[in-house]
Amino acid sequence: MTTATATATAHANIALVKYWGKRDAERMLPATSSLSLTLDAFLTTTTVTLAEGGTAPGSEHTATLDGGALTGGQLAKVQRFLDLVRGLDGVEPSLAARPAHVTSLNTVPTGAGLASSASGFAALAGAAAAAYGLDLAPRDLSRLARRGSGSASRSIFGDFVVWHAGDLADPERGDLTSYAEPVPAAADLDVAMAVVVLNAGPKSIGSREAMARTVATSPYFPAWVEHTEADVAEAEAAIAAGDLERLGDLAEASAMRMHATMLAARPAVRYLAPASLEVLDAVAALRAAGTGAWATMDAGPNVKVLCARADLETVTAVLADGGRRRVLPALPGPGMVVERQARP
Ligand code: DP6
């Protein structure tokens with residue numbers, strides 16, 4: 001039997017126009033399109049190896065993350081994903097019968113709370129598809145990664161990326177048409193991101209559950225959906241025109257609207273911590289003093305600040321506030337890469 005193994009690397013991405021809410025949780029179809037920037041920091045490297053003789057009944061996929069065995073819900077998510085991959089058209093039955101072992105390493109500063117399902121499932125999609133003998137086009141890898149975690153569809157690509165909501169009328173067509181792709185950018189658009197790491201204790205609620213609660217109970221959710229599609233189109237236009245100010249303005253508005261829609265859920269979902277608000281004030285002060293800086297936040301207290309590459313040092317230093325805060329500078333990063341594979 002041949003060794004079937006592959007290793008892939010993918011980077012985190014930060015949405016500038018946010019994804020918040022699914023229209024189909026089974027197929028992982030989003031309520032809206034979204035748009036992101038892939039970063040050069042915070043990456044996941046994942047190796048998938050198919051078991052040699054593991055076709056005995058009941059033999060299952062196994063996985064480790066940063067050296068520890070995955071269990072419970074996390075393992076179940078990875079197992080479901082691997083079953084999806086081996087069930088795809090084009091996987092030879094002899095390979096499909098073999099369970100996989102996954103070894104995943106996150107390169108994130110310890111304790112930063114930035115481990116990302118986006119880089120994780122993008123790397124897993126690339127490594128698992130290759131290990132099971134598939135040669136998928138980037139668009140199909142993006143559709144596959146989406147099934148693991150919505151935002152992972154965007155980490156298949158580098159730099160600016162749009163993830164299309166896809167056909168809204170028909171779920172089958174929606175599955176085919178909901179993928180990510182690169183957004184063409186003006187040559188002189190040179191952006192960066194300062195990631196402000198705030199320690200605010202453990203997360204109150206995971207993003208998947210928070211999203212579902214928002215869809216089910218927030219009266220603001222329809223308004224969020226209505227505005228987001230237009231925001232994506234405007235962000236694409238700003239990127240094409242190299243207009244950082246317009247892009248930054250839109251990104252900050254999208255993040256605030258996303259948090260507004262979840263604050264209106266019952267019970268409310270609140271990721272904004274007092275320390276986050278302080279950073280939002282500091283970003284506003286930077287802008288008032290003439291430095292282009294715009295804040296965005298995800299399902300946690302950390303604040304990510306978009307700026308011109310030329311301003312990254314200043315923005316990082318100001319937000320670090322003499323060492324009072326931990327700020328990690330990042331630049332645009334590459335898409336998912338399959339680094340090594342032994343062809344089955
Ligand atoms: C706030 O992609 O982690 O980061 O699809 O349920 O796995 P699932 O959710 P996930 O949600 C990310 C939400 C966000 C905004 C964004 O990245 O667009």
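From the list S94, S104, S178, the lone residue that is crowded, with 24+ Cβ neighbours inside 10 Å and not assigned by TED's automatic domain parsing to the domain that holds N302 is S178.
If a residue counts only when it is modelled with pLDDT under 95, which helices (runs of 4 or more DSSP H) contained entirely in the range 194-274 have at least 2 such residues? Steps first, please.
Numbers: elements: 207-217, 221-241, 244-263.
Hits in the range 194-274: 207-217.
Annotation note: Cβ proximity below 8 Å between a residue of the range 180-200 that is under 20 Å from V305 (Cβ atoms) and a residue that is among the polar types (S, T, N, Q) (sequence gap 6+ or interchain) occurs for A194/T316; V195/N302; V196/N302; V197/N302; L198/S276; L198/N302; A200/S276. Taking each residue of the range 209-235 that is of a type in the set (S, T, N, Q) and looking for partners that are surrounded by fewer than 15 Cβ atoms within 10 Å (Cβ to Cβ) with beta-carbon atoms closer than 7 Å, six or more apart or interchain, yields T217/R266.
Consider the range 324-344 and keep the residues that are part of a loop (DSSP other than H, G, I, E, B) and at pLDDT 95 or above. The one that is surrounded by the fewest Cβ atoms within 10 Å (Cβ to Cβ) is R324. Is there a residue being in a strand (DSSP E or B) and over 23 Å from the mean Cα position of the chain (by Cα) anywhere in the range 18-39? No, because not a single residue in the range 18-39 is in a strand (DSSP E or B) and over 23 Å from the mean Cα position of the chain (by Cα).
Once the range 275-315 is narrowed to residues that are of a type in the set (D, E, K, R) and not in a helix (DSSP H, G or I), the residue that is surrounded by the fewest Cβ atoms within 10 Å (Cβ to Cβ) is D298. A single entry from T32, T64, T47, T38 fulfils the requirement of being modelled with pLDDT of 95 or more, in the same structural domain as G174 (by TED's automatic domain parsing), buried (at least 18 other Cβ atoms within 10 Å of the Cβ) and over 30 Å from E234 (Cβ atoms): T47. Yes or no: the range 286-303 includes at least one residue that is more than 15 Å from the ligand (Cβ to nearest atom), of a type in the set (F, W, Y) and touching a Ser or Thr at 6+ places or on another chain (Cβ under 7 Å). The answer is no; no qualifying residue exists. Just to confirm my filter: which strands (runs of 3 or more DSSP E) fall fully inside the range 53-172 and include at least 1 residues that are closer than 23 Å to T3 by Cα and in contact (Cβ under 8 Å) with a residue 12 or more places away in the chain? In the range 53-172, 62-65, 100-107 are the strands (runs of 3 or more DSSP E) which contain 1 or more residues that are closer than 23 Å to T3 by Cα and in contact (Cβ under 8 Å) with a residue 12 or more places away in the chain. The condition (being among the aliphatic types (A, V, I, L, M), within 16 Å of the ligand (Cβ to nearest atom) and touching a Phe, Trp or Tyr at 6+ places or on another chain (Cβ under 8 Å)) is satisfied by just one residue among A165, A145, A185: A145.
Of all the listed residues (H227, H259), the sole one being within 16 Å of the ligand (Cβ to nearest atom) and within 18 Å of the chain's Cα centre (by Cα) is H259.
The values are calculated or read from the model by the stated rules, or taken from the named source; none is laboratory data. Because the structure is a prediction, the values reported are computed rather than measured. In this analysis, Cβ positions are derived from the backbone assuming ideal geometry, glycine residues included, and neighbour counts consider all displayed protein chains.
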